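This report refers to the structure that appears directly beneath it.
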Amino acid sequence: MDNGNQPLRAVLFDVDGTLADTERDGHRIAFNAAFAELGLDWTWDVDLYGDLLKITGGKERIHYYMKNYAPAEMDRMGLDGLDAWIASLHKIKTKHYVSLLEGGEIPLRPGVERLIQGLRDAGIKIAIATTTTEENVTALLKSTLGEDSLEWFDVIGAGDIVPGKKPEPDIYHWALEQLGLPAQQCIAVEDSENGLKASLAAGLDTVVTVNAYTRLQNFNGATLVLSDLGEPTQPFAVLEGDAFNSGWVDAELLLKLKT
Ligand code: XBP
Ligand code: MG
């Protein structure tokens, strides 16, 4: 199919909080399991983790936590060894997180699978633009959409492949370049203020689906802010913007947002 003249050629999905509610019962649990494995008496409870989420990137989040909550341990580590130690702790965290996903603990959010299939059927490209580690993305997609699902995505942009994590736009710039498309022909789907800042700074129209950690954040500039992507049996709630009387996000609605 030649979609050369279409106003919408690709949808770029964030992962954590957008494809699945991974933070509270996924990443947080995995961080705590890694701390316990190394004999650290650190516990990130649900509220503390909500505060820590303002720092994107697991390694960066650990660094911020140490600086603010465990400065003595940070001093003991010394500047030279700190980054390597955080990287090894984070590797252990990734192992725990991947095994949670492989155990089928974390489902996709409402409407995600339906939208992805619908975009594929409509010949609209799909891509991932996330701050999280690539292994985590692979494990989430395989455990929820099946072993072959990685091939459905034209581009998977994740983790440390760019220098600046969200709210920097780097990962979106990278993904757009890989897609070979201008931002004007694409839409991003995000769940957080940091994610929205990144997508807007890359020039992307953005649909936000909020979750418990992000629902009170500032989503100025989003094209649409929704409770979730919605399903025919379970329509979304519109929090901001015009959803053209739709109850669920599909290719048709995204095309309308582009006109
Ligand atoms: C969310 C993040 C990530 C995860 C943890 O990214 O900021 O850091 O919380 O994953 P996004 P890592 O919303 O862009 O998907 O520990 O692998 O960084
Ligand atoms: Mg997110």
Relative contact order of the stretch 110-259 (C-alpha contacts under 8 Å, at least 6 apart) in percent is 19
Diffusion coefficient in µm²/s returned for the stretch 41-189 by Stokes-Einstein, Kirkwood Rh over C-alpha pairs, 37 °C and 0.692 mPa s, is 189
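Rounded to the nearest whole Å², what accessible area per residue is found for the chain with the 1.4 Å probe?
That works out to 45 Å² per residue.
Leaving out ligands, DNA and RNA, what percent of the accessible area of the chain is carbon and sulfur, probe 1.4 Å? Each step should come with its number before you reach the end.
Working: 5640 of 11780 Å².
Solvent-exposed carbon and sulfur of the chain make up 48 percent of the total.
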For the stretch 163-259, taking Cα atoms only, what is the radius of gyration to one decimal and the Dmax to the nearest whole Å? 13.3, 42
Taking the Cβ of residue 37 as the centre, find all other residues whose Cβ is under 12 Å away and add up their charges (Lys, Arg: +1; Asp, Glu: -1). +3
May I ask for the angle, rounded to the nearest 10°, between helix 28-37 and the longest principal axis of the chain, with both axes built from Cα atoms and the value confined to 0 to 90°? 20
Given springs between every Cα pair under 10 Å in a Gaussian network model of the chain, which of 154, 25, 47 has the largest fluctuation? 47
Based on the Cα gyration tensor of the chain, what are the three equivalent ellipsoid semi-axes, each the root of five times an eigenvalue, rounded to whole Å and given largest first? 33, 18, 18
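So for the stretch 150-218, averaging the separation of alpha carbon pairs under 8 Å that are six or more residues apart and normalising by length, what relative contact order in percent results? Can you show the working numbers first?
Details: 88 pairs, mean separation 19.8, N = 69.
29 percent.
Where the eigenvalues come from the Cα gyration tensor of the stretch 37-108, what are the semi-axes √(5λ) of the equivalent ellipsoid, largest first, in whole Å?
On the way: eigenvalues 109, 45, 24 Å².
Equivalent ellipsoid semi-axes, largest first: 23, 15, 11 Å.
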Report the Cα centroid-to-centroid distance between the stretch 136-150 and the stretch 49-92 in angstrom, as an integer. 28
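Before rounding to the nearest 500, sum -39500 (n - 2.57) across all DSSP H runs of length at least 4 in the chain and divide by the residue total; then give [θ] at 222 nm in deg cm²/dmol. Present the calculation step by step, with values, prior to reporting the outcome.
Working: 9 runs with 109 residues, N = 259.
That calculation yields -13000 deg cm²/dmol at 222 nm.
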The stretch 177-251 and the stretch 96-131: distance between their alpha carbon centers, rounded to Å: 15
Which of these, 14, 83, 205, has the largest mean-square fluctuation under a Gaussian network model of the chain (Cα springs below 10 Å)? 83
The helix 58-69 Cα axis meets the longest alpha-carbon principal axis of the chain at an angle in degrees, between 0 and 90 and rounded to 10, of 50
Please name whichever of 206, 122, 158 sits farthest to the positive end of the charge dipole of the chain, dipole taken about the Cα centre and charges placed at Cβ: Lys and Arg +1, Asp and Glu -1. 206
Using a Gaussian network model of the chain whose springs link C-alpha atoms within less than 10 Å, name the residue from 40, 115, 150 with the highest mean-square fluctuation. 40
Would you grab the residues whose amide H sits under 5 Å from the one on residue 231? Only those 5+ places off in sequence or on another chain, please, with H modelled 1.01 Å from N. 236
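Determine the relative contact order of the stretch 17-135: mean sequence separation of Cα pairs under 8 Å and six or more apart, normalised by residue count, in whole percent. Mind showing how you got there, number by number?
On the way: 80 pairs, mean separation 45.6, N = 119.
The value is 38 percent.
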In degrees, nearest 10, the alpha-carbon axis of helix 134-145 is tilted away from the dominant principal axis of the alpha carbons of the chain by 50
Ordering 27, 96 by how much accessible area each has at a 1.4 Å probe, largest first, what is the list? 96, 27
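The values are calculated or read from the model by the stated rules, or taken from the named source; none is laboratory data. Nothing here was measured: the structure is a model prediction, and the numbers come from that model. Ideal geometry is used to build each Cβ from the backbone, glycine not excepted, and the neighbour counts take in all protein chains shown. The protein model used for the area step is the full one, side chains on, heavy atoms only, and it has no ligands, DNA or RNA in it. Shrake-Rupley method; radii C 1.70, N 1.55, O 1.52, S 1.80 Å.
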